[in-house]
Amino acid sequence: MNLQLLIPVAFRNPNNVSDKPITILAGDIGGTKANMQLSRYSAKGLESIKECRYHTSDFNSFTALLSHFLEGQQQPEKICFSVAGPVIEGKVKFTNLSWSIDSEEVSKHVGGSPVAILNDLEATAYGLAGLKQEELTILYKGTNETPGNIAILAAGTGLGEAGLYFDGKLYHPFATEGGHCDFAPRTPRDIALLTFLLSRHEHVSWERLLSGNGIYTIWQYLTGVEKKNAPQWLLQQMENTDPAPVISKAALEGNCPVCIETIELFNRYLACEAVNLILKLKATGGLYLAGGITPKVLPLLHPEVWKDVFSKSGRMNQLLKEVTVYVVLNEKAPLVGAGYFACLSL
């Protein structure tokens with residue numbers, strides 16, 4: 001099979017194809033949702049058989065969800081799951097969910113098929129290989145002078161970070177838990193926000209700001225500490241629903257100044273943590289913004305903010321000038337990556 005990969009990601013068996021089609025199960029399990037896809041893999045590529053999106057709160061365990069999805073379906077021959085949490089020896093206990101998954105137990109549950117579990121950002125990294133060109137857009141253009149490692153930053157229910165090491169020909173994905181590193185304030189206002197967060201949390205990580213809850217936290221700081229006005233109609237909309245989408249929608253529609261300011265701060269903090277990740281990984285090959293939030297608020301992620309943050313980030317400005325920032329428009333990139341990994345690495 002001659003795969004046309006957008007990015008040459010390193011798979012264990014890149015030419016793996018059977019004369020007989022095989023059934024692949026891929027899943028992306030996050031803190032609030034789970035995307036499941038059953039596919040047929042052959043020389044023609046991956047062909048979807050069944051795909052469902054679930055709310056994780058509707059099930060008391062992952063095996064219950066898995067049994068529901070596979071009911072009446074052919075047993076999968078290769079399986080890979082993308083999960084929101086650190087994977088250690090084929091096991092994961094979720095960061096924002098009470099579940100745990102063990103690859104050996106899942107294998108027994110489905111009749112002995114090989115099972116791989118990837119951190120969701122590692123799966124996203126593998127998913128870059130399967131994206132189409134139109135599923136990427138450039139937020140900030142760098143000079144791209146030096147090929148090198150790639151960094152991935154994904155804000156959603158939590159904040160995920162990963163990298164791809166470049167060996168000169170191929171990119172090798174690896175997971176991190178960098179989203180849980182300390183929030184680093186730059187300005188007096190940032191310090192005031194940190195003080196606000198320390199009144200609530202013993203430890204303040206970047207995830208406290210760069211996530212769905214983080215958007216609400218920034219809004220709470222602006223309205224509670226800086227006393228910015230919140231219109232009554234907004235408060236009513238926020239009463240019985242997740243406030244982050246309400247804030248984002250109001251900002252996009254331009255009818256709530258404090259919501260616009262919230263997303264502007266979110267954008268700035270996203271750029272600040274992007275700088276940290278780029279420098280730590282020496283990611284001259286580019287930074288990719290993935291996750292569920294960035295594509296939704298893309299019109300408010302002003303490139304001039306990124307240019308300003310990049311230019312005021314210390315003595316490594318020359319390296320930062322090289323880095324192009326991309327936005328991954330396909331929110332199913334982790335699912336794509338899990339499917340490709342099952343096909344080409346198991």
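The values are calculated or read from the model by the stated rules, or taken from the named source; none is laboratory data. Quick caveat, the model's predicted, so the values are computed rather than measured. All Cβ positions, glycine included, derive from the backbone under ideal geometry; neighbour counts span all protein chains shown.
The figures follow:
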item: Of residues in segment 21-51 being within 17 Å of the chain's Cα centre (by Cα) and in a strand (DSSP E or B), the one farthest from K108 (Cα to Cα); result: K33
item: Residues satisfying the stated conditions in segment 179-217, i.e. of a type in the set (F, W, Y) and part of a helix (DSSP H, G or I); result: F196, W206, Y216
item: Any hit, segment 226-243, residues being out of contact with any Pro (no Cβ under 8 Å at 6 or more places or on another chain), closer than 17 Å to R208 by Cα and aliphatic (A, V, I, L, M); result: no
item: Count of residues meeting criterion [of a type outside the set (A, V, I, L, M, F, W, C) and assigned to a helix (DSSP H, G or I)] in segment 310-345; result: 11
item: Helices (runs of 4 or more DSSP H) enclosed by segment 219-309 - at least 3 residues per element that are more than 30 Å from V323 (Cα to Cα); result: 232-238, 243-253
item: Test: residue in segment 37-58 that is in contact with a Gly (Cβ under 8 Å, 6 or more places away or on another chain) and either assigned by TED's automatic domain parsing to the domain that holds T157 or surrounded by fewer than 16 Cβ atoms within 10 Å (Cβ to Cβ) (or both); result: no
item: Answer residue from segment 107-130, given it is closer than 16 Å to P76 by Cβ and among the β-branched types (V, I, T) and is modelled with the lowest pLDDT among those; result: V110
item: Residues of segment 179-226 satisfying the condition of being closer than 28 Å to G30 by Cβ and out of contact with any helix residue (DSSP H, G or I) (no Cβ under 9 Å at 6 or more places or on another chain); result: L194, L198, E202
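Condition check ((1) crowded, with 20+ Cβ neighbours inside 10 Å; (2) within 19 Å of P295 (Cβ to Cβ); (3) of a type outside the set (D, E); (4) touching a residue at least 12 places away in the same chain (Cβ under 8 Å)) across all residues:
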| site | (1), (2), (3), (4) |
| --- | --- |
| T187 | no, no, yes, no |
| I191 | no, no, yes, no |
| L210 | yes, yes, yes, yes |
| V225 | no, no, yes, yes |
| N229 | no, no, yes, yes |
| L235 | no, no, yes, no |
| S248 | yes, yes, yes, yes |
